[in-house]
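A.B. asks: Below: one structure in structure tokens.
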Amino acid sequence: MSKVPVRRTAVAASLISLSLALTACGSEDEKKDAKAVAKGSPSAAAPAAKALTQAELEKLALTKTDLKDHDFKAPEPGEALKPGSAVADKPDCRPIAAAATEGTPATAVAQLTRMVMPVPKTAPTPSGASTDEKIETGLKNAADSLDSATMTFTTLSSYDGTGAADAMAALKKAATTCADGFTVTVEGDKTKMAKVTPAAYSGGDEALAYTLTMDVDGELADTHLVTVRKGATIANFYTMPIGEKATRSTAIPDAQVKKLG
């Protein structure tokens, strides 16, 4: 038997495993306020601001009304990780490791996370199809859906003062410092990122985008991070491809940035 399908399955399994770990991230901050801890030089272009409340973030979060062809899910109660639970093997890589796991480069005053997946496009069952044909169509639809599936963790976080700008500066510095990769540990599970590559995205007051290449026993898989600041609020999007034919889309960040105003 060829090892290629097995290795691809291992990659998919690792992505799904990481997505389950990330499911827990962020909701702890949805319940309690915390002090911003981002450090760095405040952006001259970013005036001091007051953080949005949890209720205000809720109103700004994307829903199915905003993207009808996507499904949305909030983390379940009790799934939350405490801020700082994601540990990078290189301390300087902490901001980008946190952005990819906890949903924000630095601890925020308030934050919320949603898991977003495109609604699978399915082939219609032929009119008058037999039971076997219906089963075959259903199986094909299921396989095609998995092959093109992605999971995006969308997080809104708010900061006091220049905290949001400082967090963006810290993320940018970490991405440069950790271009050759890093390892992040979440609840004892280690994930190796082989490299961090700059990508393109524009929106909000400032935006950063990177491709984080995951290494699973030598098999590589690209994951995508987009982080956008609008005033004192940061919108963070971490997308993981589940299937081989999954493609990167800007539909989710575009819709969220538009809703932020």
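A.B. asks: What distance in nm separates the simple spin-label points at residue 179 and residue 55, each placed 7 Å from Cα in the Cβ direction?
C.D. replies: Placing both labels 7 Å along Cα→Cβ, they lie 4.7 nm apart.
A.B. asks: Moving to a separate point now. Would you list 230, 173, 195 from the most to the least accessible area, probe 1.4 Å? If you can, show how the numbers build up before the last one.
C.D. replies: Details: 230 70, 173 145, 195 95 Å².
I get 173, 195, 230, largest accessible area first.
A.B. asks: Using a 10 Å cut-off on Cβ atoms, rank the peptides 219-225, 154-160, 96-102 from the highest mean neighbour count down. Present the calculation step by step, with values, prior to reporting the outcome.
C.D. replies: Numbers: 219-225: 18.7, 154-160: 26.9, 96-102: 28.4.
Listed from highest to lowest mean packing, they are 96-102, 154-160, 219-225.
A.B. asks: In square nanometres, what is one fourth of the surface area of the convex hull spanned by the alpha carbons of segment 158-250?
C.D. replies: Numbers: hull surface 27.4 nm².
Projected over every direction and averaged, the Cα hull of segment 158-250 covers 6.8 nm².
A.B. asks: For segment 102-117, take each phi angle, set θ = phi - 60°, evaluate the Karplus expression 6.51 cos²θ - 1.76 cosθ + 1.60, and give the result in whole Hz per residue in order, putting x for glycine and proline.
C.D. replies: Ordered by residue, 3J(HN,Hα) equals 8, x, 7, x, 8, 4, 10, 6, 8, 7, 9, 10, 10, 9, 10, 9 Hz.
A.B. asks: Would you mind checking 68/230; 172/192; 195/230; 50/258; 73/192; 192/258 for any pair whose Cα atoms are more than 29 angstrom apart? Before the final figure, lay out the partial values.
C.D. replies: Numbers: 68/230 24 Å; 172/192 19 Å; 195/230 27 Å; 50/258 21 Å; 73/192 27 Å; 192/258 33 Å.
Violating the 29 Å limit, Cα to Cα: 192/258.
A.B. asks: Follow-up. For a protection proxy built on the mean count of beta-carbon atoms within 10 angstrom, sort 250-256, 187-193 highest first, please.
C.D. replies: Values: 250-256: 19.3, 187-193: 14.0.
Highest mean packing first, the order is 250-256, 187-193.
The values are calculated or read from the model by the stated rules, or taken from the named source; none is laboratory data. Keep in mind the model is a prediction, meaning the values are calculated, not measured. Neighbour counts are summed over all protein chains in view; Cβ atoms, including those assigned to glycine, are modelled from backbone coordinates with ideal geometry. Surface areas here come from the heavy atoms of the whole protein model, side chains and all, with no ligands, DNA or RNA. Shrake-Rupley method; radii C 1.70, N 1.55, O 1.52, S 1.80 Å.
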